Every structure is written in structure tokens, then in C-alpha cells.
1. Listed residues ARG283, ARG239, ARG223, ARG271; which is over 30 Å from the mean Cα position of the chain (by Cα) and not acidic (Asp, Glu)?
2. Inside the range 228-328, counting only helices (runs of 4 or more DSSP H) that do not spill past its ends, which hold 3 or more residues that are outside the structural domain of GLY205 (by TED's automatic domain parsing) and of a type in the set (Ser, Thr, Tyr)?
3. How about the range 270-297: which of its residues are of a type in the set (Ser, Thr, Tyr) and surrounded by fewer than 18 Cβ atoms within 10 Å (Cβ to Cβ)?
4. Which residue, of LYS102, LYS122, is within 30 Å of GLU280 (Cα to Cα), out of contact with any strand residue (DSSP E or B) (no Cβ under 9 Å at 6 or more places or on another chain) and either exposed (fewer than 15 other Cβ atoms within 10 Å of the Cβ) or in contact (Cβ under 8 Å) with a residue 60 or more places away in the chain (or both)?
5. Are any residues in the range 387-422 surrounded by 13 or more Cβ atoms within 10 Å (Cβ to Cβ) and part of a loop (DSSP other than H, G, I, E, B), and if so, which ones?
6. Only residues that are among the charged types (D, E, K, R), part of a helix (DSSP H, G or I) and farther than 28 Å from PRO91 by Cα: list them for the range 34-61, please.
7. Here are some residues: LYS102, LYS64. Which one is of a type in the set (Lys, Arg) and either in a loop (DSSP other than H, G, I, E, B) or assigned by TED's automatic domain parsing to the domain that holds VAL306 (or both)?
8. Output the strands (runs of 3 or more DSSP E) that fall wholly within the range 139-225 and possess 2 or more residues being in contact (Cβ under 8 Å) with a residue 12 or more places away in the chain and surrounded by 14 or more Cβ atoms within 10 Å (Cβ to Cβ), or say none.
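The values are calculated or read from the model by the stated rules, or taken from the named source; none is laboratory data. Everything quoted here is computed from the prediction, not taken from an experiment. Cβ placement follows ideal geometry from the backbone for every residue including glycine, while neighbour counts extend to all protein chains displayed.
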Amino acid sequence: MKVALEKLDKNRVKLDVTVDEGVVAKAYDRAYRAVAARVNIPGFRRGKAPRNLVELRVGREYLKEEALDRILQESYPAAIDEAKIDPIDRPEVDVVEFEEGKPLHFTASVEVKPEVALGQYKGLDIRLEKPDIKEEEVAKELEALQFRQAQLVTVDQPAEMGSFVVLDFDGFMDGRPFAGGKAEGQLVELGSHTFIPGFEEGAVGAKAGEERDINVTFPADYRATELAGKDATFKVKVREVKRRELPALDDEFAKGLGAKGLDDLKESIRRRLQFAAESEARRKYNEAVIEKVSANATVEVPEAMVNQRIDQLVHDLEHRLEDQKMDLEKYLQYTNQTMDAMREQFRPSALGGVKNDLVLEAVAKAEGLTAEESDVNLEIARLSQLYGRSPDDIRKLFADRERLDALKESITLQKAVRFLTRVETDPKAVEPSETASENPPPAE
């Protein structure tokens, strides 16, 4: 196969490819066998009919198209490798000459990744901060644990803000009950602002067994439009009044959470907070370094890559919505926007993400960073552990070239990030522990 590369405008190139007649002959033979196995010809078993009868049945042009598809599927990727280009979109293929017994001659015009002019990417004046966990932070987290372990106890006293009340209620509008306005045994924390304005305030001072009417006005932007902005009356009966009872912060409390004692619990909290703070500091540092390196570089980001990234962001949103039992169409209706408007909102993020990736690739190339076979094996082992599947199962997912290339590209980008964020930029900068992202202290 012969391949010639011609640069067109901007990031577009054209491949001029000639495929040997021997390859063409083999493609025709494979095409004939494939078609013969799919058609019924009287007097012959499938796949056993002579080629001339197969051609009569399906037409010579059909067989020719089948052979051409097979050659292009193999020769185009090979031409890309030989020309050492990185296409970002589907090619426009023009068949110049294709006849059995002759070489195939075709051209393929395609947009490729742009060249990146790197600016300064070493010795950046960016500091990795060392978080310092204060005693107040540990105390606040300890109080939160105490709060979560609290119990509700029934009290014989009037409800006040902060109390919990168990209620039965019926809602009426213009003297008639309305849908969704009735409940029995509803637990309400007064002051939590869980209910519409005025409802919780109207229960203050009530005692167990008391009945009262609570008048409210639904907010103008209430989600049920038929109720929005309208007055309503709730007939309420108080079953119980409760208050939150906090456990004592002592060794017994700590042991109930798996610690040896209160001091041990505090130290565990401190380690967990330190880990979280270091991880966040590292994330911000990495982000700042990448943004600075990207800002120092010059590259013309292709629109095709931006649109592909937007497609991925929309796809990710659809998956998140599925987890919430909602589809994209309903989400667009709920947020009162069109698909085009949402895609435009994604554009700045997509543009920045594509540029960052292109710059990281350029750094990897400049520093000779590549995804080795050992790196791929490590990543497959990590994914195997993460998803609870065997390494062989994970490896099968990356059996085709496109997925494997994407995996290698991801690994290469990660290497570039690690390279950039481990460059010594400030003698006072502090590296978080090597295990910070792998072995966090257990949550209480």
C-alpha cells in the first residue's frame, strides 16, 4: 500500500492511498464467500454456489460494494498509521479507481488534531497548600456525629421551634379538599422549612391531642401550578410532641462507633478531615497547574472536537438523570430550555476541556510519556477491582482498536498530569502523602 499525505487548510489533510491488486483480489474473494453464505440459490447449499451464480443473484455491483467496504475498513486505519495522523472526525472518501484485477486508488479528506505550541509548563509559580485541621473543625464534626446519633423522645409540653410533632392534617382550598393536602402520622420538624411558609409556625405552642386550623398561602412559584399563590387552610391534629435527645460525648459514645474511646474517635476524625482536606488541596493544585499550562499554550481548537465533547456531556447528563428516574426530555421541560440552549451552556466547559486535553497530549509528547503495556495492565487490574469483574472480562471490553486507543490516551493524559504536578515549583510546597488518594481513613 502506498500513502501520500497532503495538508489542506487549517487542520484538514488528504490521504492519497493506493492498495495493491493482490489485496483487492482477496477482498473480492472474501466478499463473494460472505454474500454466498447469506443467499439461497436453488440446487446449492448456502456458501457453496459458484461465484457467477452468486453475481447473477445479487448483481456484480453489490459484490463490488461489499469488497470495497472490506478494503476500506482495513486500508483506511492502516493509512492513518502510516501517515502518522490523528483524525478527529469521519473522513470524506472519494474512490478514484476500483476494478477487479487492478489496484484500488482512493482519497480520504479528514480533520486531524491541531498542532499545539507549548508555552512554559515547567517551573510554574503555583503552590500546593498544606491544610491544617483546627480543633474547632474536629469539634464540629464530633457534634455532627452526636447529632446523628440522637434519639427522639416524646415530651409532655407545647411544641416550639426545634421540636418534632407527629401530625394528621387535611388541606382545604375554598372549603374543598385538594389533591396531596392530606396526611396521617406526618413527622414534622418545626423550623426546618420543609413545609410551605406558615405551616410550621402555625404548629408552635400546640400540645399532644390538640386540634387547630393553620392558614397558609402557597408560594407563587410552587411546583404544583394549580396551587401556586392560593390561600389554603389545614385542619391539624397533633398526635405527639417530641424533642431530640443528644447522647453524652464520652468513651461509651465513642465505643458505640467502633473507636477505643473518645480520644481515639477524635483522632480518627482528625485523620479523616486531614485526608479530605489534602485531597481537595491536591485537586485544586492539579487544576490550577493544568489551567496555567493550558493558558500558556497556543492552539486552535477544532469545532468538531468541541461538539464531540458536548455530545459526551449530554450523554453523561442522561445517565445521571436515569439514576434519578428522569429522562432528558422531562429535564428540559422542567428547566424550561431547549436542547440547543443546553448545548450552548455546555460549550465553555467543552472548549476548555478539549484544549486542556490537547495541551496535556503535547506535554506528554514533549516529555516522551506514553501508555506502555504495563500501564494498560495496571489500569485493567484497577478497573477489575473497581467493578468486581475479572481482568479477562475487562480486557474483552477493550478488544477493539478504538476502545483500546481511548484507554491508552486516557493513561497518557494521566501521566502528563502527574508529570506536571510533581515538578518542583516551590520549596515550601508540600506533597500530600502518596497514599492520599488510595487509602482514606474509614468514615465513622
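1. Values: ARG283 fails: over 30 Å from the mean Cα position of the chain (by Cα); ARG223 fails: over 30 Å from the mean Cα position of the chain (by Cα); ARG271 fails: over 30 Å from the mean Cα position of the chain (by Cα).
Testing whether each residue is over 30 Å from the mean Cα position of the chain (by Cα) and not acidic (Asp, Glu) leaves just ARG239.
2. Numbers: elements: 251-256, 262-296, 303-323.
Ranges flagged: 262-296.
3. Within the range 270-297, the subset of a type in the set (Ser, Thr, Tyr) is 279, 285, 294.
Correct list: SER279 only.
4. On the way: LYS102 fails: within 30 Å of GLU280 (Cα to Cα).
The match here is LYS122.
5. ARG389, PHE398, listed by residue number.
6. First, pick out the residues of the range 34-61 that are among the charged types (D, E, K, R): 38, 45-46, 48, 51, 55, 57, 60-61.
If we keep only those that are part of a helix (DSSP H, G or I) as well, we get 51, 55, 57, 60-61.
Result: ARG51, GLU55, ARG57.
7. Numbers: LYS64 fails: either in a loop (DSSP other than H, G, I, E, B) or assigned by TED's automatic domain parsing to the domain that holds VAL306 (or both).
The unique qualifying residue is LYS102.
8. Details: elements: 151-154, 164-173, 176-189, 211-217.
Of the strands (runs of 3 or more DSSP E) lying wholly inside the range 139-225, those with at least 2 residues that are in contact (Cβ under 8 Å) with a residue 12 or more places away in the chain and surrounded by 14 or more Cβ atoms within 10 Å (Cβ to Cβ) span 164-173, 176-189, 211-217.
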